[in-house]
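See below for the structure under consideration.
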Amino acid sequence: MSLELQLKTLPNKPGVYQFFDEENKILYVGKAKNLKKRVISYFNKENFGKTKVLVSKIRNIKTTIVDTEYDALLLENNLIKEYLPRYNIRLKDDKTYPWICIRKEPFPRIFLTRKLVYEGSEYYGPYTSVIVARTLLELIKSIYPLRTCNLDLKKDKIEANKYSVCLEYHIHNCLGPCEEHQSLENYLDNVQEIREIIKGNITEPLNSLRKKMMTFAGDMEFEKAQLIKEKLDLLEKYQAKSTVISPTISNVDVFGITTDETAAYVNYFKIVKGRIIQSYTTEIKKKLDESPEEILEKTLVEIRKKFQSFSKEIYLPFPIDLDIPNVKLSIPKIGDKKKILDLSERNAKEYRLEKLKQVKIIDPERHSNRIMAEMKMLLHLPQEPRLIEGFDNSNIQGTNPVSACVVFRNGKPSKGEYRIFNVKSVEGPNDFATMEEVIFRRYRRQLDEGNELPQLILIDGGKGQLSSAYKSLELLGLAGKIPIIGIAKRLEEIYFPHDSIPLYLDKTSETLKVLQKVRDEAHRYGITLHRNKRSKNTFTTELDNISGIGEKTIQQLLSHFKSVQAIKKASPAEIEELIGKKRGDLLQEYFRLDHSK
């Protein structure tokens, strides 16, 4: 069946669609409220980037009808896990994270595992920190004696006296169910309390332990009552360490998200009885420039499934187009609910920063590529600014004016390509005219010599300096061909030609940091050379007045004697030995006449 015919016969119902290439290899899996409208939209609108490539490869479409959009989302997740389509985002597998397992067997063992075997055992987790999981398990074992052996403790085998107690029984780590020293009922009561502790419901185990303590105390069994009290203290200390949010917030899932041009970072909090009992953050690579809403829809279901969450309410930063049966989706605006949502988003942002720092160290090229892509998007550039040139003027009361040009490649300074311009046509402190002259000279030469032109020019200054620089580009026929912007230091405003309203970037954005670095480097380079030039002029002015003494001789004298005053105090023999008798006599005669005035 032709692709055109398939598009015409698509159903107007919720479901899942699959795109295949000419080799019948699955490319992409998606879900939709209305399959026909969603699938046709790929072919009716102008696509860009990877989406454009995906559409060009589609040769066959398969659809599956379901009852609701939520059912479609679940099926979509399962198909993505099964076939791993190239253009679908997906969560990291996380199979290496530890889980707490309650084994399905008589007198269940409780232990840490990284392997999930679906034979009826219960698994709680995953725990992103193995230390946290071990600490919780150690707490449980210190309160509830549990067996650690792998014996088959079936009733008939215990009654047949097939087993005998081991060292764990004698050191009071186990109550000896293998010899019927502990009943199955008592053991399972303990296991039920352990389940509640793992889930974060500590109130019920606390009440149970208090009741046992009072019973022992009432029966005058004070040693047993003291042992229970010590366990109570351990459990209360553990409860105090958990992050308290608000007692009014109970059994809620919270999702925070932050994104950049290549990935999204999603944080998840599981809150039980007003406390965060689980925190998890993950990175999701974008495949088709998915929106934050699309990414959150997919990850929300997957994360809840991973952590076996059945919370009836979910806090989200923004609305998503998803209905989950018997679950309320809330977007908090004020109060404690908003605070916990903000905390989740801060965790997502912090995780992103950690990842970026790691990438910067491990894979500098990837880090650079990400910044270039971000700059292209935020500054509305036609291409990534792999080559940036920045300009800054330096002068003091109009003296010794210079203009610096610094060059950055892939966001890093290329110092060998820096240039300094001595201003020729401008008299006095005229920053606008200086910028106009320097930009014209720089790019006329680049054009004449056929050199590479930058993808971005950065001017240190506001609208005035930018307008002057733009005039020169117009004279050279480069206006509109090379993007040019100005950055004003006071509020870090970004100005564009012919636009009086500046752009304000996030103070933490990598794009702003690169622009600031270019601007500051141009200023540093310009001011350093300006000071050198001014100092040189100050020292050599008097020597320049001597007829017959050239620049090289002056440099030779200053290099040896360090100052004009030291030259005046030097003996004729010293000077003659350094620059010869003829030039030495000229120097001595000048100083003699100057002193006699």
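The numbers here are math on the coordinates, done by the rules we state, and not lab data. Remember, it's a predicted structure, so these values are computed and weren't measured experimentally. Note: ideal-geometry Cβ built from the backbone for every residue, glycine included; neighbour counts use all protein chains shown.
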*What distance in nm separates the simple spin-label points at S500 and K568, each placed 7 Å from Cα in the Cβ direction?*
5.8 nm
*Name the residue farthest towards the positive end of the dipole of the chain from the options Y470, N201, I58, assuming +1 on Cβ of Lys and Arg, -1 on Cβ of Asp and Glu, about the Cα centre.*
Y470
*asked:* Nearest 10 degrees is fine. How inclined is helix 364-378 to the longest principal axis of the chain, computing both from alpha carbons?
replied: 80 degrees
*Please give the residues of region 256-271, grouped as numeric ranges, whose backbone N is less than 16 Å from a label point set 7 Å along the Cα-to-Cβ vector of S509.*
259-263
_Roughly how far apart, in whole Å, are the Cα centres of region 458-518 and region 270-315?_
40 Å
*Where does the charge balance sit around L378 when Lys and Arg score +1, Asp and Glu -1, over other residues with C-beta under 11 Å from its C-beta?*
-4
*Given charges at Cβ of Lys, Arg, Asp, Glu: the chain dipole, positive-most of F591, L529, A225*: F591
_Total charge dipole magnitude, region 118-234, about the Cα centre, Cβ charges on Lys, Arg, Asp, Glu only, Debye to nearest 20_ = 220 debye
*Paramagnetic label zone (point 7 Å from Cα along Cα-to-C-beta, C149; backbone N under 17 Å) in region 170-192*: 170-184, 187
*For S330, what is the net charge nearby, where nearby means another residue's Cβ is under 13 Å from its Cβ and Lys, Arg count +1, Asp, Glu -1?*
+2
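Would you kindly state the longest site-free stretch of the chain, with sites defined as chymotrypsin sites (Phe, Trp or Tyr not before Pro) in a DSSP loop (not H, G, I, E, B) surrounded by at most 14 other Cβ atoms within 10 Å? The partial results should precede the final answer.
On the way: sites that count: F48, Y118, F310, Y504.
Longest gap between qualifying sites, sites excluded: 311-503.
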*With each label point set 7 Å from Cα along the Cα-Cβ vector, what nm distance links I361 and T113?*
3.5 nm
*Net lengthening on full extension, K141/R490 (0.36 nm per residue, minus Cα-Cα)*: 119.6 nm
*asked:* Within region 140-158, list the residues whose amide N lies under 14 Å from a label point set 7 Å along Cα→Cβ of N173.
replied: 140-150
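Computed FRET efficiency, Cβ-Cβ of L227 and K339, R0 41 Å: what is it to the nearest 0.05? Show your work: numbers first, answer last.
Details: r = 40 Å, r/R0 = 0.98.
Efficiency at R0 = 41 Å is approximately 0.55.
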*asked:* Could you tell me the relative contact order of region 26-127? Use alpha-carbon pairs under 8 Å, at least six residues apart, and round to a whole percent.
replied: 26 percent
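Relative contact order (percent) for the chain, with alpha-carbon contacts under 8 angstrom and 6 or more residues of separation?
Working: 919 pairs, mean separation 43.8, N = 597.
Over the chain, the number comes to 7 percent.
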_Of L73, F111, L7, which is farthest towards the positive pole of region 1-155's charge dipole, taken about the Cα centre with +1 and -1 on the beta-carbons of Lys, Arg and Asp, Glu respectively?_
F111
*asked:* Run the simple label-point estimate for R419 and A160 please: 7 Å along Cα→C-beta, distance reported in nm.
replied: 9.5 nm
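Compute the length gained on full extension between E293 and D323: take 0.36 nm times their separation in residues and subtract their Cα-Cα distance, giving the result in nm to one decimal. Present the calculation step by step, with values, prior to reporting the outcome.
On the way: separation 30, 0.36 × 30 = 10.80 nm, distance 1.35 nm.
Stretched fully, the E293-D323 segment lengthens by 9.5 nm.
Using the crude model of +1 on Lys and Arg Cβ and -1 on Asp and Glu Cβ, and no other charge, please compute the dipole size for the chain relative to its Cα centre, in debye to 20. Mind showing how you got there, number by number?
Working: 99 positive and 83 negative charges, 100 e Å.
For the chain, the charge dipole is close to 480 debye.
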_Cα extents of region 22-169 along the three principal axes, largest first (Å)_ = 75, 34, 30
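Could you work out the helix-only [θ] at 222 nm for the chain, with each DSSP H run of four or more residues adding -39,500 (n - 2.57) and the total divided by the number of residues, to the nearest 500 deg cm²/dmol? Intermediate values should be presented prior to the final figure.
Working: 20 runs with 280 residues, N = 597.
The helix contribution divided over the chain gives -15000 deg cm²/dmol.
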*asked:* If you wrap a convex hull around the alpha carbons of region 435-515, what volume per residue comes out, as a whole number of Å³?
replied: 89 Å³
*If amide H atoms are built 1.01 Å from N in the plane of the peptide, which residues on other chains or at least 5 residues away come under 5 Å of the amide H of Y28?*
F19
_Whole-number D in µm²/s for region 262-406 (Stokes-Einstein; Kirkwood sum over Cα pairs; 37 °C, 0.692 mPa s)_ = 174 µm²/s
*Dividing the convex hull volume of the Cα atoms of region 264-349 by its residue count, what figure in Å³ per residue is obtained?*
102 Å³
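So, R0 is 25 Å and r is the distance between the beta-carbons of K25 and F48; what FRET efficiency does that work out to, to 0.05? Walk me through the numbers on the way to the answer.
Working: r = 23 Å, r/R0 = 0.93.
Approximately 0.60, to the nearest 0.05.
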*asked:* Going by amide H atoms built from the backbone, whose H comes under 5 Å of the H on S121, apart from near neighbours?
replied: K104
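For the chain, just run the numbers: alpha carbon Rg, then divide by 2.2 N^0.38 Å, N being how many residues it has. Provide the component values of the computation, followed by the final result.
Working: Rg = 37.6 Å, N = 597, 2.2 N^0.38 = 25.0 Å.
It is 1.51.
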*Length released on extending from A373 to L5, taking residue separation times 0.36 nm less the Cα-Cα span*: 128.6 nm
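With a cut-off of 8 Å between alpha carbons and a minimum separation of six or more residues, what is the relative contact order of region 254-328 in percent? Could you put the intermediate results ahead of the total?
Numbers: 97 pairs, mean separation 22.1, N = 75.
Relative contact order for region 254-328 comes out at 29 percent.
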*In degrees, nearest 10, range 0 to 90: what is the angle between the Cα axis of helix 551-561 and the longest Cα principal axis of the chain?*
70 degrees
_Summed side-chain charge close to D321 - residues other than D321 whose Cβ falls under 10 Å, Lys, Arg +1, Asp, Glu -1_ = -4
*For E452 and Q556, FRET efficiency with R0 = 41 Å and r from the beta-carbon atoms, rounded to 0.05?*
0.55
*Starting from 0 in steps of 10 Å, tell me what percent of the Cα-Cα pairs of region 1-44 lands in each bin.*
26, 60, 14
_On C-alpha positions alone, give me the angle between the axis of helix 292-306 and the longest principal axis of the chain, in degrees, nearest 10._
40 degrees
